[in-house]
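Here, each number is a calculation from the coordinates, and none is a lab measurement. In this text, all values refer to a predicted model and were calculated from it rather than measured experimentally. Cβ placement follows ideal geometry from the backbone for every residue including glycine, while neighbour counts extend to all protein chains displayed.
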Amino acid sequence: MKPIQVGLLGAGTVGSGTFKVLQRNQEEIKRRAGRGIEITMVADLDTARAREVAGEGVKVVADAREIIANPDIGIVIELIGGYGVAKQLVLEAIAAGKHVVTANKALLAVHGTEIFAAAHAKGVMVAFEAAVAGGIPIIKALREGLTANSIQWVAGIINGTTNFILSEMRDKGLDFATVLKEAQRLGYAEADPTFDIEGVDAGHKVTLMSAIAFGIPVQFDKAHIEGITKLAAQDIKYAEQLGYRIKLLGITKRTAKGIELRVHPSLVPAKRLLANVEGAMNAVVVHGDAVGTTLYYGKGAGSEPTASAVIADLVDITRLHTADAAHRVPHLAFHPDAMSDLKVLPMAEVVTSYYLRLRVADQAGVLAKVTGLLATAGISIDAVLQREADEVGGEGSTQTDLIILTHDAREGTVDDVLAELQALPTVLEPIVRIRKEELK
Ligand code: HSE
């Protein structure tokens, strides 16, 4: 059988890895897919770069629409990124009857409902393994491997840039801004790192995992997103003294009231495997009712790791494209007419535990007042750490840090009591609140 022909939009790092791996492993990939897979066209505004990436025998064009218009092309790989031209081209490729492989998490997390509906109507597949956690086959695991389970929760380190920064902050005791600069110098962080450090990239990825885990539409606009820019080295140190590490987690959880969907820094017990994922690595933990807890670890970015996911999708499509569309694996794991209307909970309804740091006046009755207000609100304390005033503010200091770990509490209740605590004259600085996940 003749190879299936593929057109690539965007000849950057991942595109280059896709060429290399497809070429290197072409025989094995063919034996798996049942026929050869060949990229025959590449579109990139920088045609010189595209020519270098593609090598001989591949048609290079500046206009992506030439690929979409070519009837011989069966699959379009979109590696442009963003929601602008990429969205338009993906919709045009679908309308032209092409199957699509994309690494574009932002596009699917924000416009997934429209894109999957268009693909469903046209009977084509949109595959996106590379969009979440790079080379880790987490989409495949959630959508197919764990299909027997009622998935209870998913929690992951799904942004390598921020995990690298947090690892460096902890190892070297440095503050966020210093480590970010170093990460940019070393090429671990982009020149504009906003999406990474503000948690947006992780938000896109957890939105996609949530949709597949629970059979709900993609709803990035309902996700609660906090990044790592406000984290102080001091809190990383205190967390460590209490047996925890701070990680930026993407979390989605099924509760009796609805679905939690959130990204924020979290204390994780140091003994959990997830707490020991260091540097730019990614890891995702999935808890299903039948299987229990499972862990997926690997490179979340990079040329060949991401190409590994792109090619897995190419193989899937090659195997399935002649199958009746109704018998393919649904895009979001659940059939489109069987999606759940479980709502995404507002943050005030989320229940979790907390790390609180209060800079207080070091005088009689302060601790009693603070714990009293927490008790009145029904918030139970798990642990308290009080530093010696000298250690916090230097010799003769009259201020100290009070660190409190709470048991599970409703976030709205915690917000209210924090407002009361903040108003106390003996609480001298803005209270630091970091959520804590035991991941049991
Ligand atoms: N910028 C991402 C990261 C990789 O740092 O993990 C692509 O989503």
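Annotations for the structure displayed:
- Relative contact order %, the chain, counting alpha carbon pairs below 8 Å whose residues are six or more apart: 16
- Top positive-direction residue, dipole computed over the chain with Cβ charges, set 79, 128, 317: 317
- Rounded to two decimals, the Cα-based Rg/Rh of the chain, with Kirkwood Rh, is 1.04.
- Around the Cα centre of the range 262-351, unit charges on the Cβ atoms of Lys, Arg, Asp and Glu (plus for the first two, minus for the last two) sum to a dipole of about 320 debye.
- The range 147-221 and the range 4-47 have Cα centres lying 28 Å from one another.
- The gain in end-to-end length when the residue 381 to residue 270 segment is fully stretched comes to 38.0 nm, 0.36 nm per residue minus the alpha carbon separation.
- Each label point was placed 7 Å from the Cα along the Cα-to-Cβ direction; for residue 440 and residue 361 their separation is 3.9 nm.
- Ranked 321, 335, 264, criterion: other C-beta atoms within 10 Å, fewest first: 335, 321, 264
- DSSP finds beta bridges in the chain, and of those with both partners inside it, around 65 percent are antiparallel.
- Binned Cα-Cα distance frequencies in the range 148-202 - 10 Å width, integer %: 23, 47, 17, 10, 3
- Per the Cα gyration tensor, the range 351-436 maps to an equivalent ellipsoid with semi-axes of 22, 13, 11 Å, ordered largest to smallest.
- Coil-residue trypsin sites (Lys or Arg not before Pro) of the range 242-351, DSSP, other Cβ within 10 Å capped at 10: 271
- Separation in nanometres of the label points that stand 7 Å from Cα toward Cβ, at residue 28 and residue 388: 5.9
- For the chain, a simple Cβ point-charge model (Lys and Arg +1, Asp and Glu -1, everything else neutral) yields a dipole of about 1120 debye relative to the Cα centre.
- Dipole check for the range 138-299: with +1 at the C-beta of Lys and Arg, -1 at the C-beta of Asp and Glu, and the Cα centre as origin, the magnitude is about 440 Debye.
- The HN-Hα couplings worked out from phi for the range 98-107 by the Karplus form 6.51 cos²θ - 1.76 cosθ + 1.60 (θ = phi - 60°) are 8, 7, 10, 10, 9, 9, 8, 5, 5, 4 Hz, whole numbers, x standing for Gly and Pro.
- When only alpha carbons are used to place a centre, the range 230-249 and the range 65-120 end up 41 Å from one another.
- Potential extension, residue 178-residue 59 segment - 0.36 nm per residue separation minus Cα distance: 38.3 nm
- Our coupling estimate for the range 305-322, obtained by passing each phi through the Karplus curve with A = 6.51, B = -1.76, C = 1.60 and θ = phi - 60°, is x, 6, 4, 4, 6, 4, 6, 4, 5, 4, 5, 4, 5, 4, 5, 9, 5, 8 Hz, Gly and Pro reported as x.
- Interchain or long-range residues, amide H under 5 Å from residue 382's placed H: 405, 406, 407
- Sorted ascending by nearby beta carbons within 10 Å, beginning with the fewest, 164, 19, 128 become 19, 164, 128.
- Pairwise FRET efficiency - residue 338 versus residue 373, Cβ, R0 = 41 Å, nearest 0.05: 0.30
- Those lysines that a straight Cα-Cα span of less than 29 Å connects to residue 257, excepting residues fewer than 8 apart in one chain: 105, 140, 205, 222, 247, 343, 436, 440
- For residue 233 and residue 420, a Förster radius of 25 Å and the Cβ-Cβ distance give a FRET efficiency of 0.35, rounded to the nearest 0.05.
- Förster-model FRET efficiency, 30 Å R0, residue 194 and residue 327, C-beta, rounded to 0.05: 0.10
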